[in-house]
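Student: Quick one: this structure, given as structure tokens, is what I'll be asking you about.
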Amino acid sequence: MYLFYFYILVCVYAGEAQDASATWDHVAEPRLKLEDDLNALERNSEMAYTVSSKDTFYVERGKPFDMSYFKTIMRTNPDLIGYYMKSAFYFTASNSSYNYRSRQWMVPVKIYFDKDIPRNIKKEVEKFYKNIEDVPNFSISFTNDIDKANYQIKLTNAIMIDEAERYGITDEFKARRLFFNGCNYTVISDGSKNIMGCTLKINKKELEDPSILLSKIKQGLFLSFGRFFMINGIQLNESFLSATYENQDTLSLVDLEILKMHYSQIFDESIDASEFIQLLHH
Amino acid sequence: MPNAQGQEHEAHPHNNMVNYMTVQDYKNRFQRELTKQDSLNFVIIKNDTLVTLLEKDRYKVVSVAYEYKDDTFLKYYKEVAFNHPNDSVSEETSMKYWKDDLKIYFSNTVSKHEKKSILEFTHQISNQVDSLSIYEAKHIKDANYVIYYASDFEYDANLAKNKDASFWVYWNGGNQLNKAFLKVNDEKYFSEALRLAKIKTLLFQSLGYFSLSKEFECQSYFSNCYSNDKQLTNFDFELLKYHYSYGICKGTSLATFEDQHKRAQKALKEHKRPTYFSHIID
């Protein structure tokens, strides 16, 4: 005799309301691809499968993170790795009270300029950033259609906090040139703390001095390309990582290498300095 | 008795079956105390005392055969369907689902083009997923879902302080979602491309108050990362279809969900026949 059980669904939970955010424990591993077509997978790793009512899905973990570019730089120019870690993680790690994680753009950057920004400034910025075309996994372009952009450079009347003191700048001329004096930027993050958009805000007073305005837009763009921090005391005034950056016609080699390192491997889930070191020594 | 009715049940599951319910569930559902007369219809199965439902209680019941899924599938399903508060896994966490159609009202600030794109997205979902129907409500009085921007009227006080983008969902005692508000800060999400990407991600998440995964590749709507190539993958549909399948009890806690699977899989293995899940139709 078979006995069949018939369950009745009866719901007895108290009504509630809840906000949207929710995530899992962090795993610094490549993500999973789930496909019902085996040919769509690269079959580069251990494969599991799952059976549904009709179809079979194959599960494949992405390729292991490739840290070879970082390793090469560590061997040939360890100072650069130091600069990178300071600018990407700002001296923090998993045991810090606040832990800064890496921030990468997950999509090509499409920049829209406020109509009131002088055309020659815009052209200069475009020209300046042409030489980053050889940075893998990262690209920028410019658009006149704001609805297609994910990055806007916007003029505002809002007063920005003068951060000269924070960066130990007492010289008035240098303080005037500090990016975070009259400008700031805000990134839009996805659920993994990577970047999907950005607004760079510039106080309209900056229009008074086109050379400073140009310098600040170039520096602000660079910093927001990886939410890079300026490094106090860095003796490289040609680098955007310096609070006392002196305007250059081309991107410095240090900055170019920082960008190349940062985008040499895309981490679908942002990582912190502790995970970075683990991966580097793996 | 159970044998004969069980065999009949395979051919006509709705007509000639006996339904049982635990005593507690019965009290909750029918809001009355059980009498001595009722106790004559009690059945003891293992350690559970079950009430045999009378004809008058049974007419609104539909039964669906257990939908088998393997452990890998269930692992992924549980990770997205049971959205644990504060990332702390709890057996008490329940899955949530929409019982009624989603009737979306778009505030005036949402452009026609944006509305069209969102409705194309929801149409794709409605077409593929049984028991989930989404369409536009022209008047707010007919809606149970509102999509609006921060520059507009504040439709839900719970989202008043949100400066980014989020949704707020409400559910009843049966963990049935019955009202939602989705708000995007259109100053921060300044372009149509950014707004649409965010709205679609949040709307999808609100279809089951899902937890977004750190494991799935960014292409998937169940993933927590952004991608230019975001699309409803076949596996997304498979998970969503299962969420809205009645081959398992809906609105249950994680503990109940796991227990029901265990028992249904055991019955399937030992008796080679599926357990039927009966759902009360309001």
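Student: When B:Lys266 is evaluated against the numbered criteria (1) touching a residue at least 12 places away in the same chain (Cβ under 8 Å); (2) over 30 Å from B:Ile118 (Cα atoms); (3) not hydroxyl-bearing (Ser, Thr, Tyr), which criterion, by number, is the only one it fails?
Tutor: The number of the failed condition is (1).
Student: Same structure again: What's the total number of residues in region A:157-192 that are open to solvent by less than 20 Å² (accessible area, probe 1.4 Å) and either among the charged types (D, E, K, R) or part of a strand (DSSP E or B) (or both)?
Tutor: Count: 3.
Student: Something else about it: Looking only at region A:116-133, filter to residues that are closer than 13 Å to A:Gln248 by Cβ and open to solvent by 50 Å² or more (accessible area, probe 1.4 Å); which one of those is modelled with the lowest pLDDT?
Tutor: The residue in question is A:Asn131.
Student: Take the conditions within 22 Å of the chain's Cα centre (by Cα) and on the phi > 0 side of the Ramachandran plot and apply them to B:Asn224. Does it pass?
Tutor: Values: within 22 Å of the chain's Cα centre (by Cα): yes; on the phi > 0 side of the Ramachandran plot: no.
Taking the combined requirement at face value, the residue does not satisfy it.
Student: State all residues of region A:71-110 that are open to solvent by less than 20 Å² (accessible area, probe 1.4 Å) and touching a helix residue (DSSP H, G or I) at 6+ places or on another chain (Cβ under 6 Å); if no residue qualifies, say none.
Tutor: Of everything in region A:71-110, those that are open to solvent by less than 20 Å² (accessible area, probe 1.4 Å) and touching a helix residue (DSSP H, G or I) at 6+ places or on another chain (Cβ under 6 Å) turn out to be A:Ile73, A:Leu80, A:Ile81, A:Tyr84, A:Phe89, A:Ser102.
Student: If you scan region B:155-199, which residues turn out to be surrounded by 17 or more Cβ atoms within 10 Å (Cβ to Cβ), more than 26 Å from the chain's Cα centre (by Cα) and not hydroxyl-bearing (Ser, Thr, Tyr)?
Tutor: Correct list: B:Asn185, B:Asp186, B:Lys188, B:Phe190, B:Glu192, B:Ala193, B:Leu194.
Student: Consider A:Leu214 against the criteria (1) modelled with pLDDT under 95; (2) over 15 Å from the mean Cα position of the chain (by Cα): it satisfies all of them except one. Which criterion is unmet?
Tutor: (1)
Student: How many residues does region A:137-156 contain that are assigned to a loop (DSSP other than H, G, I, E, B) and either in contact with an Asp or Glu (Cβ under 8 Å, 6 or more places away or on another chain) or open to solvent by 50 Å² or more (accessible area, probe 1.4 Å) (or both)?
Tutor: Pass one, region A:137-156, residues assigned to a loop (DSSP other than H, G, I, E, B): A:137-139, A:143-145, A:149-150.
Then drop every residue that is not either in contact with an Asp or Glu (Cβ under 8 Å, 6 or more places away or on another chain) or open to solvent by 50 Å² or more (accessible area, probe 1.4 Å) (or both), which leaves A:137, A:139, A:144-145.
The qualifying residues number 4.
Student: For B:Ile140, all conditions in the list (1) closer than 30 Å to B:Thr256 by Cα; (2) away from chain A (no Cβ under 12 Å); (3) open to solvent by 20 Å² or more (accessible area, probe 1.4 Å) hold save one; what is the number of the exception?
Tutor: Result: B:Ile140 passes all but (1).
Student: Continuing with the same structure: Pick from region A:82-102 the residues that are under 17 Å from the mean Cα position of the chain (by Cα) and not in a loop (DSSP other than H, G, I, E, B): which of them is farthest from A:Glu257 (Cα to Cα)?
Tutor: Looking at the filtered set, the residue picked out is A:Phe89.
Student: Is it true that some residue in region A:91-106 is aliphatic (A, V, I, L, M) and modelled with pLDDT of 90 or more?
Tutor: There is at least one residue in region A:91-106 that is aliphatic (A, V, I, L, M) and modelled with pLDDT of 90 or more.
Student: If we only count helices (runs of 4 or more DSSP H) wholly inside region B:168-282, which ones have 1 or more residues that are more than 9 Å from chain A (Cβ to nearest Cβ) and over 30 Å from A:Phe267 (Cβ atoms)?
Tutor: B:254-271
Student: Inside region B:68-124, can you point out the residues that are without any contact (Cβ under 8 Å) to a residue 24 or more places away in the chain and away from every other protein chain (no Cβ under 11 Å)?
Tutor: B:Lys112, B:Lys115, B:Lys116, B:Leu119, B:Glu120, B:His123
Student: Here's something else I'd like to know. Report the residue count in region A:193-226 for those that are under 15 Å from A:Asp162 (Cα atoms) and part of a strand (DSSP E or B).
Tutor: 3
Student: Okay, moving on. Consider A:Ile258 against the criteria (1) outside any loop (DSSP other than H, G, I, E, B); (2) over 13 Å from the mean Cα position of the chain (by Cα); (3) not polar (S, T, N, Q): it satisfies all of them except one. Which criterion is unmet?
Tutor: The failed condition is (2).
The values are calculated or read from the model by the stated rules, or taken from the named source; none is laboratory data. Note that the coordinates shown come from a computational prediction; the quantities given were computed from them, not determined experimentally. So basically every Cβ, Gly included, is an ideal-geometry build from the backbone, and we count neighbours across all protein chains shown. Side chains included, ligands, DNA and RNA excluded: accessible areas come from the protein's heavy atoms. Shrake-Rupley method; radii C 1.70, N 1.55, O 1.52, S 1.80 Å.
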